[in-house]
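**Student:** Please read through the structure below; I'll follow up with questions.
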Amino acid sequence: MTVNVDGYEDCVRLAVRGFWTERAEAAAKAKAKKQAAALAAANGGMPTTSQEGKRATVISGQHLRGFEELIRLITRTNGLPNAEIMVGSQLVTLPGFFRPTKRWDVLVMNGNRLLAAFEFKSQVGSISNNYNNRTEEAIGSAHCLATAAYKGALGADLMPPFLGWLMIVDDSNESNHVPDIAETDFNVFPEFEGTSYLDRYDLFCQRLISEKLYDVAAVIATPETGGGIDGRFIDVAQVRCERASPGSKTHLGLLHFVAAFAGRVAIEAAQNPSPPPRPPRQSQIKAAMEKAAKEAEKAKKKVDRATKKAEQDIAKAAKAAVAARSQPDLF
């Protein structure tokens, strides 16, 4: 089986550039809101609340949207051009086992079949504080969904979805720093000795795959200056591989992430080229009904206006006719 990954690096570069651009725009908006709030307060008005700084760039919710295009590219070029790439709102919500639901970043649907679910995460600054949070979240999300699938939440005959986790970290002194390992009465795995946060993220990705929590996982690092200009990034797995053995190539990392998903898409395209369509969700049915009701109300108002105008025209014509009959005959 041949898979197509042509253009994936260009797609990632565009996504990285968009990542930094979106962060910069979100931070600028937050700064403007803060200044407006301070000005309002100085003039006796009530200051408005605002999210500022690095947090605003994260909660803007758009800084990783470029990576959705990577999923579209691989899905389209490996045999499923009509698959739905679902993003945003309730469309990316899947059932869980330890909690009712979990929102993923991207779902891939082939008709009524859930093909894949992806999480895209980022970390810029405060890496020492948030590293554990990111790793714990990834583990929990995968285990929760896998258990739900095993218990039948995704359908009795459905193959478990392909799961992917991609981490984007700023390539900085902080992320390349080798922190101390907290003292413990037990043995820490020696692989963690002398590792930076980027190294640890790569080890984490390898173990997510080896322990079958995710089908693919990868971490890329990007400098803010170069990344924002030309989408520059490094594949951390490849860098670590070359560090250990110059000139060698890793079978993991970003290329494996893309190629493995391409393979899953190709298999799905061969086995299920024309699955039944995805049934609409209750929220979609409700939205469609509300839209239809609004359209009907708009049409009714249009008819009412036309009827009223016609009645006015008839009354006006009748009045003109009466006036004409009341005029004296001059001949």
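**Student:** So which lysines can LYS316 reach, going by Cα to Cα under 17 Å and dropping same-chain residues fewer than 8 places off?
**Tutor:** Straight-line reach from LYS316, under 17 Å: LYS308.
**Student:** Only Cα pairs under 8 Å and at least 6 apart count here; give the relative contact order of the range 50-208 as a rounded whole percent.
**Tutor:** Details: 166 pairs, mean separation 28.8, N = 159.
Relative contact order, the range 50-208: 18 percent.
**Student:** In addition: Decide, for the chain, between rounded, prolate and oblate: order the square roots of the alpha carbon gyration tensor eigenvalues as a ≥ b ≥ c, take rounded if a/c falls under 1.5, and otherwise choose prolate if a/b is larger than b/c, else oblate. Could the numbers behind the result be given before it?
**Tutor:** Numbers: a/c = 2.76, a/b = 1.84, b/c = 1.50.
It is prolate, given that a/c is not under 1.5 and a/b is the larger ratio.
**Student:** Show that you can apply the helix-only estimate: for the chain, add -39,500 (n - 2.57) for every DSSP H stretch of four or more residues, divide by all residues, and state [θ] at 222 nm to the nearest 500. Before the final figure, lay out the partial values.
**Tutor:** On the way: 9 runs with 170 residues, N = 331.
-17500 deg cm²/dmol, from helical runs alone.
**Student:** Enter the accessible area of GLU242 (Å², nearest 10), with the probe set to 1.4 Å and all protein chains included.
**Tutor:** Accessible surface of GLU242 is approximately 80 Å².
**Student:** Now for a different question. What number, in percent, do you get for the relative contact order of the range 194-292 if the mean sequence gap of Cα pairs under 8 Å and at least 6 apart is divided by its residue count?
**Tutor:** Values: 74 pairs, mean separation 20.0, N = 99.
About 20 percent, as a whole number.
**Student:** Under 10 Å, Cα contacts only: if you run a Gaussian network model on the chain, which one of LYS212, LYS302, LYS102 comes out with the highest mean-square fluctuation?
**Tutor:** Top of the fluctuation ranking is LYS302.
**Student:** Looking at the range 92-169, send over the antiparallel percent of its DSSP beta bridges, to the nearest 5.
**Tutor:** Numbers: 8 of 16 bridges.
Expressed as a percentage, antiparallel bridges in the range 92-169 total about 50.
**Student:** Considering only DSSP beta bridges whose two residues both sit in the chain, what percent are antiparallel, to the nearest 5? Can you show the working numbers first?
**Tutor:** Working: 13 of 28 bridges.
Around 45 percent of the beta bridges assigned by DSSP in the chain are antiparallel ones.
**Student:** Note down the nm distance, to one decimal, between modelled labels 7 Å out along Cα→Cβ at ASN82 and at ASN173.
**Tutor:** Taking the simple label geometry, ASN82 and ASN173 are separated by 5.6 nm.
**Student:** Show me the chymotrypsin sites (Phe, Trp or Tyr not before Pro) within the range 63-162 that DSSP assigns to loop and that have at most 12 other Cβ atoms within 10 Å of their Cβ.
**Tutor:** Working: sites: PHE67, PHE97, PHE98, TRP104, PHE118, PHE120, TYR131, TYR150, PHE162; in loops: PHE97, PHE98, TRP104.
Qualifying residues, ordered by number: PHE98.
**Student:** Additional query: Can you tell me which of GLY155, GLY96, GLY231 moves the most in a GNM of the chain? Springs connect C-alpha atoms under 10 Å apart.
**Tutor:** Judging by the Gaussian network model, the answer is GLY155.
**Student:** Additional query: With a Förster radius of 35 Å, plug the Cβ-Cβ distance of ALA288 and HIS143 into 1/(1 + (r/R0)^6) and report the FRET value to the nearest 0.05.
**Tutor:** On the way: r = 35 Å, r/R0 = 1.01.
Working from the Cβ atoms, E equals 0.50.
**Student:** Right, here's the next one. What is the list of residues in the range 112-142 whose amide nitrogen lies under 20 Å from a point 7 angstrom out from the Cα of SER274, following Cα to Cβ?
**Tutor:** Residues 112-114 fall inside that zone.
**Student:** Using the Cα centre of the chain as origin and beta-carbon charges of +1 (Lys, Arg) and -1 (Asp, Glu), tell me which of ALA32, THR21, ALA142 is placed farthest towards the positive end of the dipole.
**Tutor:** Positive-end residue among those listed: ALA32.
**Student:** Assuming a ≥ b ≥ c are the square roots of the Cα gyration tensor eigenvalues, decide whether the range 96-236 counts as rounded (a/c under 1.5), prolate (otherwise, with a/b larger than b/c) or oblate.
**Tutor:** Working: a/c = 2.53, a/b = 1.48, b/c = 1.71.
It comes out oblate by the Cα gyration axes.
**Student:** Cα to Cα, under 27 Å, and not fewer than 8 places away if on the same chain: which lysines meet these conditions relative to LYS286?
**Tutor:** LYS102, LYS294, LYS298, LYS300, LYS301, LYS302
**Student:** Right, next: By the gyration tensor of its Cα atoms, with a ≥ b ≥ c the square roots of the eigenvalues, what is the shape of the range 149-210: rounded for a/c under 1.5, prolate for a/b over b/c, or oblate?
**Tutor:** Values: a/c = 3.97, a/b = 1.93, b/c = 2.06.
Here the range 149-210 falls in the oblate category.
**Student:** Continuing with the same structure: Once you put a point 7 Å from the Cα of SER89 and another 7 Å from the Cα of LYS298, both along the Cβ direction, what distance in nm separates them?
**Tutor:** 1.6 nm
**Student:** Evaluate the relative contact order of the chain (contact order divided by residue number), counting alpha-carbon pairs under 8 angstrom at least 6 apart; express in whole percent.
**Tutor:** Result for the chain is 19 percent.
The values are calculated or read from the model by the stated rules, or taken from the named source; none is laboratory data. Treat the numbers as computed from the prediction; the structure is a model and nothing was measured. Heads up, the Cβs are rebuilt from the backbone with ideal geometry, glycines too, and the neighbour counts pull from every protein chain shown. Side chains included, ligands, DNA and RNA excluded: accessible areas come from the protein's heavy atoms. Shrake-Rupley method; radii C 1.70, N 1.55, O 1.52, S 1.80 Å.
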